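K.L.:
Next up is a structure, given as structure tokens.
The values are calculated or read from the model by the stated rules, or taken from the named source; none is laboratory data. It should be emphasised that the depicted structure is a prediction, and the values quoted were computed from it without experimental measurement. Backbone-built Cβ (ideal geometry, glycine too); neighbour counts: all protein chains shown.
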Amino acid sequence: MDDQQTPKEDSQSIMDRLGALWRVIMIPLAAVLLALIIGAILLAISGANPFSAYSALIEGSFGSMRAFGRTLAKATPLIFSGLAVAFAFKAGLFNIGAQGQLLFGALASAAAGFMITGLPPFLHATLALLIGAAAGALFAAIPGALKAYTGAHEVITTIMLNYVAINMTDYFADGPLKDTAEGNIIARTPEILDSARIPSIGEIPVGFFLAVLAAGLVWWLLWRTTLGFEIRTVGLSPHAAKYAGMRVAFTVILTMIISGFLAGVGGSIETLGIVGRYQPGFNAGIGFDGITIALLGKTHPFGIIPAAILIGAMKAGASTMQFNAGVAKEITDVIQALMLFFVTADMIVRKLIRAKADDGEKITLSGWGQ
């Protein structure tokens, strides 16, 4: 018997794959479209021209290579925060603490960037990046251990630890690590050394390529390794995983550590490749945006990249929309919030586009005390 597929079977296989891909992306696409439509209505009510506003938004984010580079710079830490949230999702964990982990990563990499001297550029930047990533990983290990050994729900512990991170990083930026340059009164660290900076290729930040590489590594880890299989099994059913002999507590802690590592890398790249120092407020909201991005990307590593570019484009083009079309910058936050609403309340979207639910798309989170 000839096991080779006929051209008709190959064609059917391709159509099946395209159909499966469409079923996955149609809800996020519909959520974005609905958010933009409602955003246009809000713009019209406020007296702005929606077409002019959205044209200015596109111009400010994709209208030139400089604008495109700015969009990718905004998207880079968002990819890492989205990966951090999505990775935890795969183990049934809701890591709301990506913001705090990102802040510690940003601060630690800044400290390494100006305190460590005498290293060649590539080595210094790599070391500072890894130190920031390790800081995020260690901070994420706390809620992971609490979840594994006491049953404390990660939503509560990570929310509380976000406040710990915000206040601790503010203290260090205005205290032991404060920039003591003459005339400085702002809470911030000194500038990192040139050897610690992550460069750009033209207008394109190198950090973006690192983010795409990280997405590929996360995909490989989750779907091509034994550890990834254990993580996804724990996410689907911790009790079944334990019955099968898997180390549930170890997997939970390790998942949170890797999630925090990714968030820490995002904060480090923001410091080393964009801001050049740590300054409170510059990283505000990036970790929380990771929740929106993870959901828009259906918690898939490769889905997170376009979702982060979309949100990055909105952030990069917001000022152009404000100046050219007279639109309040906060309108982009409203549109982003609407996207999150529609992608989480997917039953509303499914009713509107008359799509059936697919059990394979559902995100499973562990329950209280599991």
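K.L.:
Of all the residues that make up region 170-183, how many are of a type in the set (D, E, K, R) and assigned to a helix (DSSP H, G or I)?
P.N.:
So the count comes out to 1.
K.L.:
Among the residues of region 43-94, write down those that are assigned to a helix (DSSP H, G or I), polar (S, T, N, Q) and farther than 24 Å from ILE253 by Cβ.
P.N.:
Within region 43-94, SER52, SER55, SER61, THR71, THR76 meet the criteria.
K.L.:
Identify, please: which residue in region 157-183 is of a type in the set (A, V, I, L, M, F, W, C) and surrounded by fewer than 19 Cβ atoms within 10 Å (Cβ to Cβ) and is, among those, modelled with the lowest pLDDT?
P.N.:
Among those residues, the one meeting the criterion is ALA181.
K.L.:
For LEU123, are the conditions met, namely being farther than 14 Å from SER259 by Cβ, at pLDDT 95 or above and assigned to a helix (DSSP H, G or I)?
P.N.:
Considered against the rule, which asks whether it is farther than 14 Å from SER259 by Cβ, at pLDDT 95 or above and assigned to a helix (DSSP H, G or I), LEU123 comes out as yes.
K.L.:
Check GLY151, GLY235, GLY245 and return the single one that is over 19 Å from the mean Cα position of the chain (by Cα), in contact (Cβ under 8 Å) with a residue 24 or more places away in the chain and on the phi > 0 side of the Ramachandran plot.
P.N.:
GLY151
K.L.:
Here is a further query. Only one of these conditions is not met by ILE363: (1) modelled with pLDDT under 85; (2) part of a helix (DSSP H, G or I); (3) surrounded by fewer than 16 Cβ atoms within 10 Å (Cβ to Cβ). Which number is it?
P.N.:
(2)
K.L.:
Sort out which residues of region 314-332 are within 18 Å of LEU34 (Cβ to Cβ) and either at pLDDT 85 or above or loosely packed, with under 15 Cβ neighbours inside 10 Å (or both), and write them in order of number.
P.N.:
Passing the criteria: only MET314.
K.L.:
Mind checking which helices (runs of 4 or more DSSP H) fall wholly inside region 184-272 and carry at least 2 residues that are hydrophobic (A, V, I, L, M, F, W, C) and surrounded by 18 or more Cβ atoms within 10 Å (Cβ to Cβ)?
P.N.:
Passing ranges, in order: 206-224, 226-236, 248-269.
Matching residues to (1) in contact with a Pro (Cβ under 7 Å, 6 or more places away or on another chain); (2) crowded, with 19+ Cβ neighbours inside 10 Å; (3) of a type outside the set (S, T, N, Q); (4) closer than 11 Å to PHE342 by Cβ:
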site	(1), (2), (3), (4)
ALA31	no, yes, yes, yes
ALA35	no, yes, yes, yes
LEU42	no, no, yes, no
ALA53	no, yes, yes, no
LEU57	no, yes, yes, no
GLY60	no, yes, yes, no
MET65	no, no, yes, no
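Quick grid of which residues meet (1) free of Cβ contacts under 8 Å to residues at least 60 places away in the same chain; (2) of a type in the set (Gly, Ala, Ser); (3) more than 14 Å from THR271 (Cβ to Cβ):
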| position | (1), (2), (3) |
| --- | --- |
| THR158 | no, no, yes |
| ILE166 | no, no, yes |
| THR169 | no, no, no |
| ALA173 | no, yes, no |
| ASP179 | no, no, no |
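K.L.:
Go through region 172-213 and give me each residue that's under 27 Å from the mean Cα position of the chain (by Cα), among the hydroxyl-bearing types (Ser, Thr, Tyr) and over 21 Å from ALA313 (Cα atoms).
P.N.:
Result: THR189, SER195.
K.L.:
Among the residues of region 276-289, which ones are in a helix (DSSP H, G or I) and surrounded by fewer than 19 Cβ atoms within 10 Å (Cβ to Cβ)?
P.N.:
Result: PHE288, single match.
K.L.:
Residue under question is ALA111, and the condition is that it be more than 18 Å from VAL164 (Cα to Cα), small (Gly, Ala, Ser), surrounded by fewer than 24 Cβ atoms within 10 Å (Cβ to Cβ) and touching a Pro at 6+ places or on another chain (Cβ under 7 Å); does it hold?
P.N.:
Here the answer is no, as ALA111 does not meet what is asked.
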